[in-house]
Amino acid sequence: MDDSGLKALLEDLPVSWWEVDRQWRVLERGGGAFADLGTAQDFLDRLRQELSAPGGSAADGRWQAQFDGRTFDVSWPPDESGGQGRRRGLAVEVGAQPEAPRRYAAFADFADFAPAAAFIRDSGGRYLWANHAYAHLYGTTPEEVVGKYIEDFDSPADAVQFRALDQEILARGKPVRHTLGYQRADGSTGQAAGHRFPVQEHAQTCVAGIYVDITEHTRAMVQRREAEENLQALRDHSGLPCALLSANGRVVQASAAAAELFQTGLSDLVGRRAHTLLAPAPELGQLHRRWNGLIARRVRRVETSAVLVDVQGRQRRAQLHLTTVGRSAARARHVWAVVTQQNLAHEAHPPLTAAQVRILSLLAEGSSNGEIATSLRLSRQTVDYHLSRLRDILGAATRPALVARAYVLGILSPRAWPPRSATATHPLSST
């Protein structure tokens with residue numbers, strides 16, 4: 001058989017054709033009557049038996065054969081090969097109703113068990129096919145969907161909307177991508193995103209669609225947006241100096257109060273590295289280790305103190321609260337830093353010795369110079385010298401002013417009694 005177009009046509013019909021040699025070896029065959037070559041070969045073997053039996057076939061080479069519960073009209077013309085030994089035959093199943101080839105059968109097979117909801121409807125809104133995900137949207141099965149109409153499942157308003165979309169596809173003849181709202185089976189409003197496109201089914205143009213329900217995703221995005229707006233309002237209007245820092249310590253966002261704290265503009269603060277905002281101090285090593293613990297998610301929150309320095313070089317001790325953002329990644333991507341307490345800004349001074357800090361704490365407790373000398377096992381003259389030196393360093397003329405300065409500069413802890421150093425490694429302390 002030389003006509004390739006005819007061969008292709010027969011592949012979709014309940015027909016079997018063949019060419020064999022004199023020994024019944026198959027030279028070529030085809031047709032759509034049998035699903036596999038084994039069954040086709042069994043059919044030929046049956047024909048061979050019938051031809052070999054006396055009176056088993058019509059004289060003109062035409063008869064009906066029974067095979068596997070099916071009836072075939074067989075045409076086996078006499079040998080006209082001119083001695084070449086090739087014989088051709090044709091068998092057509094009786095009563096079979098061939099179906100027109102479906103251009104989108106592969107789409108249906110692929111989408112049947114896909115998590116996306118898919119369907120095919122004719123121009124009248126009747127369902128020709130639906131997959132399990134689509135039927136699940138309506139709390140039913142695909143078998144219950146097929147044959148019914150849009151109005152059988154959707155509200156009147158939704159049905160009007162969906163029919164209009166179908167007509168748009170049929171009129172344009174092109175796919176359309178869009179997002180639509182619909183009424184869910186539980187009565188809530190849902191959203192779906194996907195494509196709707198024309199297909200050929202049963203010799204007519206129909207509408208196919210495949211959609212993903214994005215209701216929960218949309219709800220999560222709305223909640224996230226609201227949370228971000230609330231956080232932004234808190235950042236901008238709470239009056240707390242705060243900043244969002246990247247994992248490598250760069251300022252990503254900052255509040256106006258943070259910019260004011262560092263005496264700079266907000267645009268100049270964003271993008272700066274956080275270490276440039278810290279004064280050199282012995283506790284920086286510990287702060288760096290805690291930061292690494294946050295980024296590695298060994299801890300989620302850290303409360304610590306640090307000495308901040310503004311663009312004018314003035315320093316102040318501040319209490320910092322550091323909290324990682326998000327939990328999904330193995331390493332934290334961002335950290336919120338919030339300043340909850342801050343001391344008075346001051347010019348950088350020479351570091352205080354441990355003895356000087358101890359003298360200030362005893363002075364704040366109310367001890368006299370002699371009592372301080374006895375407590376620290378120093379001479380009275382040494383204590384007098386240290387107090388005079390402290391008045392010069394801290395810019396305080398009297399003993400009460402000296403104590404007040406020690407507190408507002410963060411040298412002494414405001415929450416401890418008896419008075420003591422605010423930190424073992426205070427920026428004005430050399431220890």
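Key figures for this structure:
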quantity: Conditions (1) modelled with pLDDT under 85; (2) in contact with a strand residue (DSSP E or B) (Cβ under 9 Å, 6 or more places away or on another chain); number of the one not met by Gly370; calculated: (2)
quantity: Boolean, Tyr211 is at pLDDT below 90 and surrounded by 20 or more Cβ atoms within 10 Å (Cβ to Cβ); calculated: yes
quantity: Residues of the range 152-192 satisfying the condition of being surrounded by fewer than 16 Cβ atoms within 10 Å (Cβ to Cβ), part of a strand (DSSP E or B) and either hydrophobic (A, V, I, L, M, F, W, C) or not assigned by TED's automatic domain parsing to the domain that holds Ser123 (or both); calculated: Val176
quantity: Residue in the range 341-356 that is among the hydroxyl-bearing types (Ser, Thr, Tyr) and at pLDDT 85 or above present; calculated: no
quantity: Gly293 outside any helix (DSSP H, G or I) and more than 27 Å from Ala233 (Cα to Cα); calculated: no
quantity: Test: residue in the range 331-340 that is modelled with pLDDT under 85 and not hydroxyl-bearing (Ser, Thr, Tyr); calculated: no
quantity: Elements of type helices (runs of 4 or more DSSP H) in the range 194-277, at least 3 residues being under 22 Å from the mean Cα position of the chain (by Cα); calculated: 215-237
quantity: Answer from His321, His288 - the residue that is more than 23 Å from Val408 (Cα to Cα) and either surrounded by 14 or more Cβ atoms within 10 Å (Cβ to Cβ) or touching a His at 6+ places or on another chain (Cβ under 9 Å) (or both); calculated: His288
quantity: Condition met for Val145 (in contact (Cβ under 8 Å) with a residue 24 or more places away in the chain, assigned by TED's automatic domain parsing to the domain that holds Val199 and more than 19 Å from Ile214 (Cβ to Cβ)); calculated: yes
quantity: Residue list for the range 50-97, filter: aliphatic (A, V, I, L, M), modelled with pLDDT under 85 and surrounded by 10 or more Cβ atoms within 10 Å (Cβ to Cβ); calculated: Leu51, Ala58, Ala96
quantity: Among the residues listed as Ala332, Ala355, Ala373, the single one being in the same structural domain as Leu284 (by TED's automatic domain parsing) and surrounded by 13 or more Cβ atoms within 10 Å (Cβ to Cβ); calculated: Ala332
quantity: Residue identified as closer than 16 Å to Leu277 by Cβ, of a type in the set (A, V, I, L, M) and surrounded by 13 or more Cβ atoms within 10 Å (Cβ to Cβ) among Ala243, Ala247; calculated: Ala243
quantity: Cross-chain or 6+ apart pairs with Cβ under 8 Å, the range 125-139 first and under 16 Å from Asp158 (Cβ atoms), then modelled with pLDDT under 85 and buried (at least 20 other Cβ atoms within 10 Å of the Cβ); calculated: Leu137/Asp213
quantity: Subset of the range 136-151 that is in contact with a helix residue (DSSP H, G or I) (Cβ under 9 Å, 6 or more places away or on another chain) and over 13 Å from Ile120 (Cβ atoms) - its residue that is surrounded by the fewest Cβ atoms within 10 Å (Cβ to Cβ); calculated: Glu143
quantity: The one condition in (1) among the charged types (D, E, K, R); (2) at pLDDT 80 or above; (3) not assigned by TED's automatic domain parsing to the domain that holds Pro115 that Glu228 fails to fulfil; calculated: (2)
quantity: Selection from the range 210-238 of residues that are closer than 14 Å to Gly190 by Cα and in contact (Cβ under 8 Å) with a residue 40 or more places away in the chain; calculated: Tyr211, Val212, Asp213
quantity: Matching residues in the range 153-187 - criterion: being among the small types (Gly, Ala, Ser) and out of contact with any Asp or Glu (no Cβ under 6 Å at 6 or more places or on another chain); calculated: Ser155, Ala157, Ala164, Ala171, Gly173, Gly181, Ala185, Gly187
quantity: Selected residue (criterion: nearest to Ala281 (Cα to Cα)) from residues of the range 372-425 that are in a loop (DSSP other than H, G, I, E, B) and among the polar types (S, T, N, Q); calculated: Thr425
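Each row is one residue, and each column tells you yes or no for (1) in contact (Cβ under 8 Å) with a residue 12 or more places away in the chain; (2) assigned to a loop (DSSP other than H, G, I, E, B); (3) in contact with a strand residue (DSSP E or B) (Cβ under 8 Å, 6 or more places away or on another chain).
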{"site": "Arg289", "(1), (2), (3)": "no, no, no"}
{"site": "Gly313", "(1), (2), (3)": "yes, yes, no"}
{"site": "Arg317", "(1), (2), (3)": "yes, no, yes"}
{"site": "Leu322", "(1), (2), (3)": "yes, no, yes"}
{"site": "Val335", "(1), (2), (3)": "yes, no, yes"}
{"site": "Val357", "(1), (2), (3)": "yes, no, yes"}
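Here is a yes/no grid of residues against (1) part of a helix (DSSP H, G or I); (2) farther than 23 Å from Glu168 by Cα; (3) within 34 Å of the chain's Cα centre (by Cα); (4) modelled with pLDDT under 90:
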| residue | (1), (2), (3), (4) |
| --- | --- |
| Glu99 | no, yes, no, yes |
| Phe107 | yes, no, yes, yes |
| Phe110 | yes, yes, yes, yes |
| Ala114 | no, yes, yes, yes |
| Phe119 | no, no, yes, no |
| Tyr127 | no, no, yes, no |
| His136 | yes, yes, yes, yes |
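The values are calculated or read from the model by the stated rules, or taken from the named source; none is laboratory data. Just so you know, these numbers come straight off a predicted model, no measurement behind them. Reconstructed Cβ throughout: ideal geometry from the backbone, glycine too, with neighbour counts over all protein chains shown.
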